[in-house]
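Quick notes on the structure that follows.
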Amino acid sequence: MRARFISVFTFLSKPVVAIGGALIIAAVAVVFAMQTSAIIPSGQYTAAVMAPITAQGGANSELSFQVPGQVVATPVAIGQEVSEGAMLAALDQSSLLAARAGAVANLEAAQARLAALRAGTRPEQLAIDQTNVAQAANTLTNALAAAYTNADDAVHAKADQLFTNPRNATAALTLLVADATLVNRIQTERVTLEPALASWNASLTSAANDPESVVGSSEANVKTVTAFLNDLTVALAEASPSGSISAATITGYQTSVNAGRLNMIAALSGLVTADTGYKAAQGALTLAQAGATQNDIDAQQAVVDAAQAALRGIDVTLRESTLTAPFAGTITAMNARLGQTVAPGQVLISIESAGGSKASALVVPSSSVITDGDQAFVYVKDGSAAPTKTPVTTGLVSTSGMTEIVSGLTAGQEVLTFGTDSK
């Protein structure tokens, strides 16, 4: 397959003008050249140039969170003008921040261990590793106990006030909820939880000397309790006041159940963190006793990679728990309320673009700009070699198919375009 490139290398003296939001480059001399060597990716080349750019206003964007949670900040109102990147709403991040702190600690521990392996194990290190294992085992035991305590409190102290006969097979939800399927599922979950909690407590006692043996079942129990509380949260949102349960009482139930749900999220995070720390400590001791080999170093590198991936995943979720303005504009709808529990994809805010223009900006065809998550990049010509993937920061986007490059390129650099390939 041959690749063709277009090198825009000279502009005549006629000006570049913007008409109706579309860039018209008057009298541009273009040279076409053929290249027989394969270039991956393939396409046409065109140069980044300085030119006016105009982006029309009026475009409307509807915004929603991609993760569930409780709204804790709504700093804007309908009619308010905002700049690009301004925060529009935010969810509670307390449990995520706690999880991030644990992930950072795990990453640092994994990186430190990798460095120690590469440096070689000293006899003194064995004693330290043995102490670390004992401490990590104690931390894991405490995390297991805390997870059970939070689950017991969430079910027996917080959720059971919504039931009659909560601890036996006739447990019945007292809320007036139209969704009979949801009600039946909640009641079944509550009946199932009673023996599960008892069995969980017994397993913790029998595994006092081997906490790792009950981590998997404990994590499963935490997730089961959390699912039960999530269903209760939905039921409370749909519940109607009745003769015995007022609207104020329902609000109180919501606060109590939500507190239990947040405690379970934090308990799971603490349990995962403690278990990861325990496994890391055990792994460190094993490696120290056996002596480092290349396989040992590679395995620890994989632990570091996994810890980095876990941290990146938490950071993505943290970013997704804040809504920001995708462009400068005016808020046209605001449906987010403080304390509201929202679901992923639930449209909360609408914003109308303000548009804008610049008399001179570095621009490339919009088809040259590729986005990967939050990062935009272009492929820049690199002599006869394959093009270089280059990160860029973009600005205004015109309706005529041009995009402003704020940083990452200079005028005259040639970039691949991926539009229609003329023949």
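Cβ-Cβ distance below 7 Å, separation of 6 or more or different chains: which pairs start in the range 154-165 with a residue that is closer than 14 Å to Thr255 by Cα and end on one that is part of a helix (DSSP H, G or I) and among the polar types (S, T, N, Q)?
Listed pairs, sorted by first residue: Ala154/Asn263; Lys158/Ser256.
Can you run down the residue pairs with Cβ atoms below 8 Å, 6 or more apart or on separate chains, where the first is in the range 330-355 and acidic (Asp, Glu) and the partner is not in a strand (DSSP E or B)?
Every condition considered, the pairs that remain are Glu352/Gly57; Glu352/Gly58; Glu352/Ala59.
Of the conditions (1) at pLDDT 85 or above; (2) touching a Gly at 6+ places or on another chain (Cβ under 9 Å), Leu396 satisfies every one except a single condition; which number is it?
(1)
Are there any pairs, at least 6 apart or on different chains, whose C-beta atoms fall under 8 Å, with the first in the range 234-247 and β-branched (Val, Ile, Thr) and the second surrounded by 13 or more Cβ atoms within 10 Å (Cβ to Cβ), and if so, which?
Here the result reads Val234/Leu182; Ile245/Thr174; Ile245/Leu175; Ile245/Leu176; Ile245/Ala239, each pair linking the range 234-247 to a residue that is surrounded by 13 or more Cβ atoms within 10 Å (Cβ to Cβ).
Of the numbered conditions (1) at pLDDT 95 or above; (2) under 28 Å from Gly401 (Cα atoms), Leu107 fails exactly one; give the number of that condition.
The single condition Leu107 does not satisfy is (2).
For the range 251-298, how many residues are within 23 Å of Ala137 (Cα to Cα), surrounded by fewer than 21 Cβ atoms within 10 Å (Cβ to Cβ) and of a type in the set (Asp, Glu)?
The total comes to 1.
Can you find, within the range 335-353, the residue that is farthest from the chain's Cα centre (by Cα) among those that are among the hydroxyl-bearing types (Ser, Thr, Tyr) and more than 15 Å from Ser321 (Cβ to Cβ)?
Checked the range 335-353; the qualifying residue farthest from the chain's Cα centre (by Cα) is Ser353.
Per-residue answers, yes or no, for (1) within 28 Å of Val133 (Cα to Cα); (2) loosely packed, with under 11 Cβ neighbours inside 10 Å:
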{"position": "Arg167", "(1), (2)": "no, no"}
{"position": "Leu173", "(1), (2)": "no, no"}
{"position": "Ala178", "(1), (2)": "no, yes"}
{"position": "Gln187", "(1), (2)": "no, no"}
{"position": "Arg190", "(1), (2)": "no, no"}
{"position": "Ala207", "(1), (2)": "yes, no"}
{"position": "Ser217", "(1), (2)": "yes, no"}
{"position": "Ala220", "(1), (2)": "yes, no"}
{"position": "Leu229", "(1), (2)": "no, no"}
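Can you find a residue that is touching a Lys or Arg at 6+ places or on another chain (Cβ under 7 Å), more than 20 Å from Asp275 (Cβ to Cβ), aliphatic (A, V, I, L, M) and surrounded by 19 or more Cβ atoms within 10 Å (Cβ to Cβ) anywhere in the range 111-131?
So far as the range 111-131 goes, no, none of its residues is touching a Lys or Arg at 6+ places or on another chain (Cβ under 7 Å), more than 20 Å from Asp275 (Cβ to Cβ), aliphatic (A, V, I, L, M) and surrounded by 19 or more Cβ atoms within 10 Å (Cβ to Cβ).
The values are calculated or read from the model by the stated rules, or taken from the named source; none is laboratory data. The model shown is predicted, which means the values in this text are computed figures rather than measured ones. Glycine gets a Cβ as well: all are built from the backbone with ideal geometry, and neighbour counts include every protein chain shown.
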